[in-house]
Amino acid sequence: MRHPVRLAVLVVFALLFFGGPAMVRFYTDWLWFGEVGYQQVFTTIVRSEASLFTMAFVVSVLWLVVNLRLALGSVGEGRPIFTTQQGMEVALPGRQQLRTITSAIAMVLSALIGLYASAQWETWVTWQKAVPFGLQDPILGRDTSFYLFTIPFLQLLRGIAQTLVILVALGVGGIYLVSGGLVSRPSSFVSMTPGVRRHLSLLAAVFFVLLAVGAWLGRFELLVHPAGVIYGASYADVYARMPAALALTVVSLLGAVLAVMHGLGRRNWPIPVAIALYLIVTIGGEGYATMLQRFVVTPNEQVRELPFIQHNIDATRRAFALDGVEERALTGDAMLTRDDIARNAPTLQNVRLWDHQPLLDTFGQLQEIRTYYDFVSVDNDRYVIDGRPQQVMLSARELNSNSLPNRTWINERLTYTHGYGLTLGPVNRVTSEGLPELLVRNLPTETIPALPVQQPGLYFGELSNDYVIVRSATQEFDFPRGNGDAFTSYAGSGGPCPRQTRSPGFGLADSGGLPVVAPIVSLVAFLLGAASAAGWRPATCAPGRSAATPSSRCRTSRRRCSRSR
């Protein structure tokens, strides 16, 4: 009983060591997706990954084990003895031991293939849920969804299948070589038994079939790859590479037939002939395409490529819904009247004078105030000021932990947890010094009555991409004030870890092994993910509608976060 218990303990420790971090990350990701209301999305991802892993693992194990055990049939029952130069005799593994070893290797390789397949879950899901676009390409007549969803999935299957065939060929070839079923002799290229010949030849036939599938798919992939001045098929692709790919498909299928003939007959020429034909068509097709491009297309490229450029333009117009635009000629003779100006007064009063990049640089020079603050981007918005809609340009003052003067774990995770405030100004006003007029500015925040900022703390933004821990025993830095600093404590509800039982999971997942001791972080530590919120932008309100205030946006953005990485 002692050995099974010891083995069980070792297995448990191995699972905790290798699988523990993954399980902790899974748990914390589950909490993140639940916090932002997308737990069903996370469930779909996990279910798809598990399905792909299971299918790939089972198919790989069956394929590898069946072929390897078939090859092990050539190994004798006894255990061969290897004698060293010193006269020592070493018993090598016999058939039964080799079966156990090869089965273990097959399991490991299948697990790796399953992990790779599970990582392609998005390809699997998009193929499963694909629907026709109702638009056919003008060259091969396939629906657009075939190029976006079906081809990537078929290429994934083909890549995994080719990998399995190569692994089996290497494995069984090594077994046959060791067992004596496959012998290399000086007098002949290679000598093998009829069983070995059939097995290896059938594997070669399967490989040629997969090459044929790849060549067939290659015709369609020519329509979705860059080709010189356009994206898609060019003249040389349509009139040289596509026919060459079709010829390569036929030659590959012929090679599969020749490989079967090689395995079932006694002649040694079929597979070498199949390989030679494949290489000739591959090299010849690409050479023909190169010559066609050099001597036919290049001297008169505009005329030759015009139909394909037009296909590209038509597809682009359809993609952006520009194919239904009605064109009308404007003479420019119409006179501008006072009534026209009055009707368009809100638009004329909000003509933008500032460009985004120069204004971002100006905000940084005037309003960053401390080196650890950054303005990442400038956004446009509209607010009701003095009873009328006013277009403004604004930027949030975010905390850049990489610029902290003292980058310790406590500073980055517990003390400096958030940015502070924003800078906002109208798009059409300039001070006497040529600088933008600012309606919201400085630290602490100074603003006008029409734009109250009730909560200027920024825990989520475009710059942050890591976690912080709040509501701990360590005070949070809020903003610099005179010769000292102002401190605060997070009072929001965002974050995935409001319960005490969740804190250890995030400590294991994200602390990098750092012990988070009780005097520093209390059990009620509330972890916030400042994951990149690049998808968040200030909402633009249409003229004449009640616009939100900056304070309401702060509260909204506080509750919108994405999974931590």
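Can you say whether Ala169 is closer than 28 Å to Ser110 by Cβ and either surrounded by fewer than 20 Cβ atoms within 10 Å (Cβ to Cβ) or at pLDDT below 80 (or both), as far as the supplied structure shows? In short, yes. Taking first residues from segment 119-144 that are in a loop (DSSP other than H, G, I, E, B) and partners that are crowded, with 18+ Cβ neighbours inside 10 Å and of a type in the set (Lys, Arg), the Cβ contacts under 9 Å between residues at least 6 apart in sequence or on separate chains come to Leu140/Arg219. The numbered conditions (1) farther than 20 Å from Val430 by Cβ; (2) without any contact (Cβ under 8 Å) to a residue 24 or more places away in the chain; (3) touching a strand residue (DSSP E or B) at 6+ places or on another chain (Cβ under 8 Å) are all true for Asn402 except (3).
In segment 277-306, what residues are more than 19 Å from Gly218 (Cα to Cα) and either among the acidic types (Asp, Glu) or not in a helix (DSSP H, G or I) (or both)? The answer is Glu301, Glu305. Residues of segment 222-240 being over 11 Å from Phe308 (Cβ atoms), surrounded by fewer than 22 Cβ atoms within 10 Å (Cβ to Cβ) and either in contact (Cβ under 8 Å) with a residue 24 or more places away in the chain or among the polar types (S, T, N, Q) (or both), which ones? The one that is over 11 Å from Phe308 (Cβ atoms), surrounded by fewer than 22 Cβ atoms within 10 Å (Cβ to Cβ) and either in contact (Cβ under 8 Å) with a residue 24 or more places away in the chain or among the polar types (S, T, N, Q) (or both): Val224.
When you check Glu437 against the structure, is it at pLDDT 90 or above, of a type in the set (D, E, K, R), under 34 Å from the mean Cα position of the chain (by Cα) and within 25 Å of Asp355 (Cβ to Cβ), yes or no?
Numbers: at pLDDT 90 or above: yes; of a type in the set (D, E, K, R): yes; under 34 Å from the mean Cα position of the chain (by Cα): no; within 25 Å of Asp355 (Cβ to Cβ): yes.
Spelling it out, it is not the case that Glu437 is at pLDDT 90 or above, of a type in the set (D, E, K, R), under 34 Å from the mean Cα position of the chain (by Cα) and within 25 Å of Asp355 (Cβ to Cβ).
The values are calculated or read from the model by the stated rules, or taken from the named source; none is laboratory data. What you see is a predicted model, and the numbers here were worked out from it, not measured in a lab. Every residue, glycine among them, receives a Cβ derived from its backbone with ideal geometry; neighbour counts consider all protein chains shown.
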